[in-house]
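I have placed the structure first, in the form of structure tokens, so that the comments after it can refer back to it.
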Amino acid sequence: MEPLLQFWRRYRQNRGAVFGLAIVLTASAMALLAPWLFPGDPRRIAGAPYIAPFVTWQFPLGTDQLGRDIFVQLFYGARVSLLVGIAASLVTALIGCTIGALAGFYGGRLGALLMRGTEMFQTIPDIMLALVLVTILQASLLSVIISIAIVSWTTVARVTRAEFLKFRSQDFVLACVVMGMPSWRIIVSQIFPNVLPPIVVMTSIIAAGAILAESSLSFLGLGDPNSVSWGMMTGAGRSVFRNAWYVSGIPGLAILMAVLGINLVSDGLNDALNPRRRER
Amino acid sequence: MISRRTVLAMGGGLSLLPWVGRLVAQEAKQPSSGGVLRVAVYDDPRSIFSPIETGDLELTIGSKIFETLLRLKADNSFEGVLAESWKYSPDGTQYEFRLRDGIHFHDGKPLTSEDVAFSILQLGKKYNAFGSTLFANVTSADLPDAKTVVFKLTKPMPPFPFLGMLAAFGPIAPKHLYDVADILKNPQINKPVGSGPFRFKEWNRSSSIVLDRNPDFREKAQPYLDQIVFRIITDPGARAAAFEADEIDAGVNSPVSKADLKRISELPFIAVDATGNKATEGVNALEVNLRRKELSDVRVRRAISMAIDRAFICNAVYSGMAAPARGPIRSDSFLFEPALPELALNVEEANKLLDEAGYPKGADGWRFTLNIDPNGDDLNVIGEYIKQAIANIGINGNIIVSDYATHNARIYTDYDFDLSIQVISTLVDPQISVFDYYWSKAISKGRWQTNATDYRNEEMDKAIDVAESAIDADQRLAAVRQIQTIAARDLPLIPLVEYESHNVFNKRVQLGSTGPVWPLQNWADAWLEK
Amino acid sequence: MTPLLSVEDLHKHFPDRVGALRAVDGVSFQIKPGETLGLVGESGCGKSTVGRTILRLYKPTSGRIVLEGRDIAPLQESALRPLRRDVQMVFQDPFSSLNPRSRIGRILEEPFVVWGEGRARDRRDQVVALLERVGLGAEAADRYPHELSGGQRQRVGIARALALKPKLIVCDEAVSALDVSVRAQIINLLVDLQRTLGIAYLFISHDLAVVEHVSNRVAVMYLGRIVEIASADQLWSNPIHPYTRALFDASPKLPAAAGQKRAVLEGDLPSAIDPPSGCRFHTRCRFATDVCRRVEPIVWQAAPGHSVACHHAEALSMAEAIPTAQQNGILKGSRHDNASAL
Amino acid sequence: MDASSSQAVRVRRKTTPWAFQVAVNRLKQAIPTIACVLVVNFFLVRLIPGDPVDAFVAKAQGADQAFKDHIRHEMGLDEPIWVQFGIYLSKVAHLDFGWSFQNSAPVLDVILLRLWPTVLLLVFSIGVSLLGGVFLGVTAARYSQTWKDRTIAFMSMVLYAMPAFWIGLSLIVVFSVKLRLLPVGGFDTVGSGKTGIAYALDVGRHMTLPALTLGLFYLAVYTRLVRASMFELLDSDFVRTARAKGLSERTVLWRHMLPHALLPLLTLVGVQLGSLLSGVIVIETVFSWPGLGRLTFQAALQRDYNVLLAILLMSTVLVVCANLIVDLLSAWIDRRMDVN
């Protein structure tokens, strides 16, 4: 409990981060409460198309081109967008950390091989991979998440590898080797906790990026048509941007706020987790 | 035309809204020469060598360079372009065309009957992906002299579809330049030389295509325009903005979204025309996979049809520029069967039908689940609507979005679909493109936009046989009407809406001679008001 | 007595773009149980590499590392692991040798966890016992490394090395990062521990004063080779190799050898990738002659347990003989003179 | 210590020019990468479901099997896949990228025509955003924890959080439609007949909005990175030493800290290059910019294998080259820091 409180005290010093946390918590609350507040299909046609926001209490944020309630969709969209953000960043972190840790810890031929592989992935345009995946797996949340993870893990792998390289030759790691600790244990229990802060920060940035990326994929028609996400709403509303800005404008604002919030939180985490910054 | 995008863009002259301007009734003004016409197109064409192309884009651009024998007029009659006169044998197996005098290609060589036969039989039939079907019955041509060509058909074909086909898909190219090996890979196809009023100047890929005035055109004063520039603008929003910023003079085949069109049409300098694509617009329909047990029951198909509020689609998706469809042929076509019933929304009756058919709602409120395969911007929105509509009758819809190639492979090769949203375009005559959806002989794995529903009905097949070979217009009309009646009864395809396509112009553009396939005319008499 | 550790003709080369960096190039020595062998030399002479190769942190290029009669040089990591507890290490930098994210208690517990020794409840007691043994209180167990002073941290490092009751501890510059006052404390701790536990040390350091204080025997390394090895007394009373002498001269705390002016080492350490021919020290040696440049010196036994690898060892072993030797032309004054002779 | 000393030994031994060394090393690493990419791409592209022949005849509903077979043969897709792969390899070895059936032109022509608008757009927008990012990042570090720093940090975050097409569409509405200052899209004014400087200005006018849209995003990214790196450095010993020497704050920031902060920035730019193509698709679509990003997407949709493979290969080579340049620059900065 005590370390957590300490952590919070350090985190609290960054006012932007507190603001960001408030945004993220709000979005999470929206996501959690959506089915309870608005039971039923959020995509059902509820009224006339193109009702502007703040005109009627029934549809506080208006309706889209099929007369679906934007307010309700915004709540449900939070579920999918946050899910995409969290899932994509976790998968990214998992792949990136594993490969980066192996490459950094073992080095040598295995490390070189892994890094060549990483480099290769970096040269293939993201969109190609995304397209291949989406066409193979069909446009679904899963394929969107995997697509985003597959194109972003390389960065995490590189950072993880660099960190592991840094720590691998440190004396405390050598001490563990000398005492006969198995490699996997050294990786997991000794080096990893030290590498965690930059990865946590990076993962949160990737989560924010994933929410943006999902909107880009939707823009290109590669999103999941059966679930309502902020990216999907923004992408779909783009064609009526000039006539009914709110159809894509409101979910776009939600994306902006969420991405901003997550980035602020990651800044706060960076400050709070960075030992050097602590003494300030 | 044949492309989904075009077809999407096509609509009818229903003119449901009063604000859609019409250019047909333009009062005659004295044409003036000069000026550059800037036309927005949505993509790079595959090539500009239209004799081997079938896409609307390729044909729109190519038709200014390569001309056809004749063209379709608004009253569904034909007018000669390269042909001076034509006649056909009473059994419909021989069509004779006599060419005009004094027609030369851009390189100065005269256009002869040999070029016509070459273009249709060598280029069109072999390399035009559409041609092998289109000209399937056209096996040879007699060339009694340099001005006469007689096409011989193995099977009789009624004059309207045959002439219509030549009007749209029969551009004539010089044999002496294009009788080359490997034409698809031959750089020669990027140097188009035709007989039209405009000459190819340059193609800046993904940016623009420029055509210059042909000074030696047979009509001395024509063409009036000095230059046509096709600007490639892929984003519909950007096209709308380009109209607003006066960077574009014209756009054909629904260049802007319906929502944007409404806003743009209110600008004082913009005119909207809804008649220029009449012969090529179509109907949106749900293809129903009858291989699936639930869907093989006509009651289920009827129930789905009843769950759909077509007026809602017209308003929500097409901003009112569409009308509920009643059959596969548009209600403004002279082949339309007026006795077809209106397809009204009736959720209660639909639920009853489904109960009767033996598919009661389960514990979770669903009777069964259907995949919905839309493809394309507007169709995707329709797909979302269909999902909501069938939810009202206890059918769980699952939308599957895939890119064009995958989509068509799913529908037409793998038959892996339940409901597919498809545009059934008329393409001058339904014989060219509509009947295949209903004809059991058109069930052909891997062939797109044919019978994927597995609908087999002898009565229907017979009616189609008659319609495709009856030379007598009345006899043919009766058969076509019968097709529509059977189609409405069996519902292998569930018609949704017939929507309006439009061409958008700056008001200074004067179209000259209009017609129901205006984008494919040679635009020799179009001009710009000073 | 059979040696605890016997190193025979050990080579460790690091591959390099141009060739191989020959960090250790034919080193042999022995350590008896409970004995301390000091290993001295300039930075970069390869002494740390020797330590780490013995610990099998590096895989030796060739040679034998015989630990209690078993050659551990060719073993794979998996075969090696059961033998690991016998040899432990104390590191130079007390900051980086402790995991900054672990509490001291956790760090000291690790060896027991790895070896599956004791139940979780007992381990705490073992940790406290270790802490007390190195002069730290039980309360240190709940601290993080950064909350301790450098000396305290080094004590933790020693406690960790002790945890598995090893027979040999490699102390790699174990006190050189510490303040002088703390240094003495730690050295005394090490000496005390050796007395009570009978551990052998390989004590690697560049600091001659420290080495003299702790070592029974001392080996002097130059550029991947051992140039002189002797008991501490012998070496201090009669350093023979010119390099050893130069080292002593450079050490301000030691008096200059009788009758000698201080000879400071000139020039940089040559490259270990392409070491000088003949005697490796000839490029910096005041006494180098032609033979030194051409022929590798063989080991000369100056006294029992005192070996020197120098062509002129015999002459140099008699300090008073030097002037004579110079007259005889055996020894020249400086390498600058030599340069002209070349 | 051994490690550091051997390092020192190695550095001293370097006799060949360092730039050459770096280049040779990087290229040595690149060759297997490129080889792998060749193989992986070939099969990756084939993994996309959907038949290129189908896509080719997409515009013809009536295409029958005979016609399709004919096209398949023309495309060389009727051979077994291994034969096709062999043919592909031998063609690539001769720098022959084949024919694009969807563009009726040689693949190389198609790509080269599209390449330079994209490169122009990228170089311009990334160049400007690099300069801007460095300036803003350093400014933020200089005024750390003041309102200037906070404003820069916040603005860069907001810019980063905005979907690109949003910015693009808004810019079009404001600058093109309402103010009519700049064209809505395209590469140049068609048929203007301009040449020389007039033409360059014309292209510049067309490029302004897309470059701005793209640039704002990267500006946000780079500003954040430079700012973060600079903040990391504020605590470091060498900065304290430099300050203690009494150097002016400006000198410390620009001379001492910035080179260190540039290294991660350069690395990022190099790493990002592979994804830049995807990044520009949205911009190119919104602004009708005739670039490579859109071509990639289009080719993928059309299953235009030849174009896709050529783009993939080219992007690999591009990334390799960019990484080489980044390596050289990094090494150069490293050396400069060594000298300091």
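The values are calculated or read from the model by the stated rules, or taken from the named source; none is laboratory data. Keep in mind it's a predicted model, so treat the numbers as computed, not measured. When we count neighbours, we look across all protein chains shown, and the Cβ atoms used for this are built from the backbone with ideal geometry, even at glycine. All accessible areas refer to the heavy atoms of the entire protein, side chains included, with ligands and DNA or RNA removed. Shrake-Rupley method; radii C 1.70, N 1.55, O 1.52, S 1.80 Å.
Just a few scattered comments:
- Nearest 10 degrees, 0 to 90: helix B:298-307 Cα axis against chain B principal axis: 80
- Entry comment: accessible area of chain B is 32 Å² per residue, from protein heavy atoms only and a probe of 1.4 Å.
- The GluC sites (Glu not before Pro) found in region B:320-369 that occupy coil by DSSP, while having at most 13 further C-beta atoms within 10 Å, are B:E342.
- Solvent exposure, largest accessible area first (probe 1.4 Å, DNA, RNA and ligands not counted), of B:R299, A:R15: A:R15, B:R299
- Applying both filters, DSSP loop and at most 11 other Cβ atoms within 10 Å, to the trypsin sites (Lys or Arg not before Pro) of region B:433-472 gives B:K445.
- Relative contact order, percent, chain B [alpha-carbon distance under 8 Å, six or more residues apart]: 24
- For B:R199, residues with placed amide H under 5 Å, excluding near neighbours: B:D212, B:R213, B:N214
- Mean separation of Cα contacts under 8 Å (6+ apart) over length of chain C, as relative contact order %: 18
- Total accessible area lost when B and D pair, probe 1.4 Å, Å² to nearest 100: 4300
- Summed over the residues of chain D and divided among them, the accessible surface reaches 43 Å² per residue at a probe radius of 1.4 Å.
- Part-to-part distance (alpha-carbon centres) for region B:458-530 and region C:1-39, which is given in Å: 94
- Protein accessible surface hidden between A and D, which excludes ligands and nucleic acids, total in Å², probe 1.4 Å: 4400
- Any cysteine of chain C lacking a neighbouring Cys Cβ under 4.7 Å - listed by number: C:C45, C:C171, C:C285, C:C310
- Kyte-Doolittle mean at least 0.5 and Cα axial length at least 18 Å: DSSP H helices in chain A: A:15-37, A:70-106, A:141-168, A:192-219, A:245-273
- Calculated from backbone phi, Karplus (6.51, -1.76, 1.60) coupling profile of region C:285-294 in Hz, x at Gly/Pro: 8, 6, 9, 5, 10, 4, 5, 4, 6, 9
- Surface composition of chain C: carbon and sulfur atoms hold 51% of the protein heavy-atom accessible area at a 1.4 Å probe.
- Comparing the full protein assembly with the isolated chain (1.4 Å probe, heavy atoms, ligands and nucleic acids excluded), the residues of region B:402-417 losing at least 30 square angstrom of accessible area are B:D403, B:A405, B:T406.
- Nearby lysines by direct alpha-carbon distance to C:K167 (threshold 16 angstrom, same-chain neighbours under 8 apart not counted): C:K32
- Inter-centroid distance (Cα atoms) of region C:120-137 relative to region B:310-324, Å: 82
- Per DSSP, loop GluC sites (Glu not before Pro) in region B:181-286 with at most 14 further Cβ within 10 Å: B:E219, B:E266
- Dipole size of the protein assembly as shown about its Cα centre, with +1 on Lys/Arg Cβ and -1 on Asp/Glu Cβ: approximately 4840 debye, rounded to the nearest 20.
- Whole-percent carbon and sulfur share, accessible surface of region B:365-459, 1.4 Å: 41
- Distant-in-sequence amide H partners of C:D25 (H built 1.01 Å from N, under 5 Å): C:K12, C:R225
- Carbon plus sulfur fraction of accessible area for region D:194-340, probe 1.4 Å, in percent: 64
- Cα-based helix-to-principal-axis angle, B:377-391 vs chain B, degrees rounded to 10: 10
- In degrees, nearest ten, helix D:18-47 long axis to first principal axis of chain D (Cα): 40
- Centroid-to-centroid, using Cα positions, region A:237-267 and region B:403-444 are 38 Å apart.
- Chain C against chain D buries an accessible area of about 1100 Å², both chains summed, 1.4 Å probe radius.
- Relative contact order %, region C:96-228, counting alpha carbon pairs below 8 Å whose residues are six or more apart: 21
- Exposed chymotrypsin sites (Phe, Trp or Tyr not before Pro) absent - longest run of chain A, DSSP non-H/G/I/E/B, at most 13 other C-beta within 10 Å: A:58-280
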